[in-house]
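Chemist: Below is one structure. I have some questions about it.
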Amino acid sequence: MRKKIVAGNWKMNTSAEQGEELAAAVAERSGETDGVLLIVAPPFTHLTKVADKLKGSAVQLSAQNCASEKSGAYTGEVSAAMIAGTGAKYCILGHSERREYYGETDATLNRKLTLCLAESLTPIFCVGEKLNERESGAHFDVVRTQLSNTLFNLSDEDFAKTIIAYEPVWAIGTGKTASPEQAQEMHAFIRKTLFEKFGDKALETAILYGGSCNPGNARALFSNSDVDGGLIGGASLKVDDFIAIAKSF
Ligand code: PGA
C-alpha cells in the first residue's frame, strides 16, 4: 500500500511567529487525518522553531530547497546537513519556481538529490510542464526528460526513498487546477516511466499532485488511483484548508 501524503509548501510566507502558530495548529489537528502523512515545509529560518512545535505529533518537517554543494564558501546557502540538523526529514527539490527563477538545471538537481539522500533527507522531487508545453502536446516528453535526466541516475535503493510531485507549472498559484483526468493521466505516465526503469519499486512510490489544490477539488484529484496526495502551496497557509485537504482521500 502506497502512503497517502499531504505536504504544505509555505514558500516565502509567514513571519517566524506566524510559522510557529501554523505549525502548532497543524500538529494539534493532525489527529483528524488518520492514515495520512502530513508534512510542512516552512522557510529555512523557521525550521528549528517549527520542529519544536511539531514535537510529539506525527507531522513531519521538510525544507523547500538545499544547497548544491556540501559545505564551504557559498554565501547565503543552506546545506542538506544543516537541514537534517534541524530535525527535518524531507526536502523539496526541483520546484518549478526554483527551476525558473533561480536557474536550477537537471545537473544542479542531481547534486542536490545526492546530498539530500546522503543526509537521509527524503527528496520530494517536483516535475511538470509549462503551459506552452502542454498546449503543444509536449508535456509527456518534457516530464519524461525531467525524470530521465535526474531520478534515473539514482540507485534502486535511493529511488525507493523518493517522493515525486507532479506540478503542472500552469496550475501553480494560478487558481487553474489540472482536471482529475489530466492529473491521473500524467501520474499514470510518470509511474509507467519509472516502472520501466525501476520495476516494482515504482509501484510503491508516492506521486503527489500540486497546483491550486484546495478543499474544493482535492477529493476529485485524490480519488484517482495514481494520485497519492498533494503538494499544497497557498491552501497550506490556512490550517482549516490544509486539514480539509488531508481529509479528502
Ligand atoms: P499552489 O502551489 O497550491 O499555491 O498552486 C503549489 C506548489 O507550488 O507547490
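Chemist: Taking into account only those residues within the range 24-52 that are more than 16 Å from the ligand (Cβ to nearest atom) and under 17 Å from the mean Cα position of the chain (by Cα), which is least open to solvent (accessible area, probe 1.4 Å)?
Modeler: By that ranking, first place goes to L47.
Chemist: Next question, about the same structure. Given the structure, is T150 touching a Leu at 6+ places or on another chain (Cβ under 6 Å) and away from the ligand (no atom under 15 Å from the Cβ)?
Modeler: Details: touching a Leu at 6+ places or on another chain (Cβ under 6 Å): yes; away from the ligand (no atom under 15 Å from the Cβ): yes.
Spelling it out, T150 is indeed touching a Leu at 6+ places or on another chain (Cβ under 6 Å) and away from the ligand (no atom under 15 Å from the Cβ).
Chemist: Further question: Looking at the range 175-192, which of its residues are of a type in the set (S, T, Y) and free of Cβ contacts under 8 Å to residues at least 12 places away in the same chain? Steps first, please.
Modeler: Restricting attention to the range 175-192, the residues satisfying the condition of being of a type in the set (S, T, Y) are 177, 179.
Selection gives S179 alone.
Chemist: Restricting to the range 90-103, count the residues that are among the acidic types (D, E) and away from the ligand (no atom under 14 Å from the Cβ). Let's see the steps before the verdict.
Modeler: In the first step, residues of the range 90-103 are kept if they are among the acidic types (D, E); the result is 97, 100.
With the extra rule that they be away from the ligand (no atom under 14 Å from the Cβ), the set shrinks to none.
The number of residues fulfilling the criteria is 0.
Chemist: Then there's this: Residues in the range 9-23 that are within 16 Å of the ligand (Cβ to nearest atom) and either under 17 Å from the mean Cα position of the chain (by Cα) or at negative phi (or both): how many?
Modeler: To start, the set of residues in the range 9-23 that are within 16 Å of the ligand (Cβ to nearest atom) comprises 9-14, 22.
Now restrict to residues that are either under 17 Å from the mean Cα position of the chain (by Cα) or at negative phi (or both): 9-13, 22.
Of the residues in the range 9-23, 6 are within 16 Å of the ligand (Cβ to nearest atom) and either under 17 Å from the mean Cα position of the chain (by Cα) or at negative phi (or both).
Chemist: Here's another thing I want to ask about it. For residues that are within 12 Å of the ligand (Cβ to nearest atom), in contact with a helix residue (DSSP H, G or I) (Cβ under 8 Å, 6 or more places away or on another chain) and in a helix (DSSP H, G or I), scanning just the range 213-237, find the one that is most open to solvent (accessible area, probe 1.4 Å).
Modeler: L237
Chemist: Six or more apart or on different chains, Cβ atoms under 8 Å: show the pairs whose first residue is in the range 163-174 and closer than 14 Å to V227 by Cα and free of Cβ contacts under 8 Å to residues at least 60 places away in the same chain and whose second is more than 10 Å from the ligand (Cβ to nearest atom) and in a strand (DSSP E or B).
Modeler: I164/F125; I164/V127; I164/I207; Y166/V127; Y166/I207
Chemist: Still on this structure, please answer the following. Could you tell me whether D52 is under 15 Å from G85 (Cα atoms) and of a type outside the set (A, V, I, L, M)?
Modeler: Criteria met by D52.
Chemist: Let me ask something additional. Determine which single condition I124 fails, assuming it passes every other condition in (1) away from the ligand (no atom under 16 Å from the Cβ); (2) assigned to a strand (DSSP E or B).
Modeler: For I124, the exception is condition (1).
Chemist: Identify, by number, the condition in (1) at pLDDT 95 or above; (2) touching a strand residue (DSSP E or B) at 6+ places or on another chain (Cβ under 8 Å); (3) within 16 Å of the ligand (Cβ to nearest atom); (4) within 19 Å of L93 (Cβ to Cβ) that T162 doesn't meet.
Modeler: (3)
The values are calculated or read from the model by the stated rules, or taken from the named source; none is laboratory data. Everything numeric here is computed off the predicted structure, so don't read it as measured data. Neighbour counts are summed over all protein chains in view; Cβ atoms, including those assigned to glycine, are modelled from backbone coordinates with ideal geometry. Please note that ligands, DNA and RNA were not included when accessible areas were found on the heavy atoms of the full protein model with its side chains. Shrake-Rupley method; radii C 1.70, N 1.55, O 1.52, S 1.80 Å.
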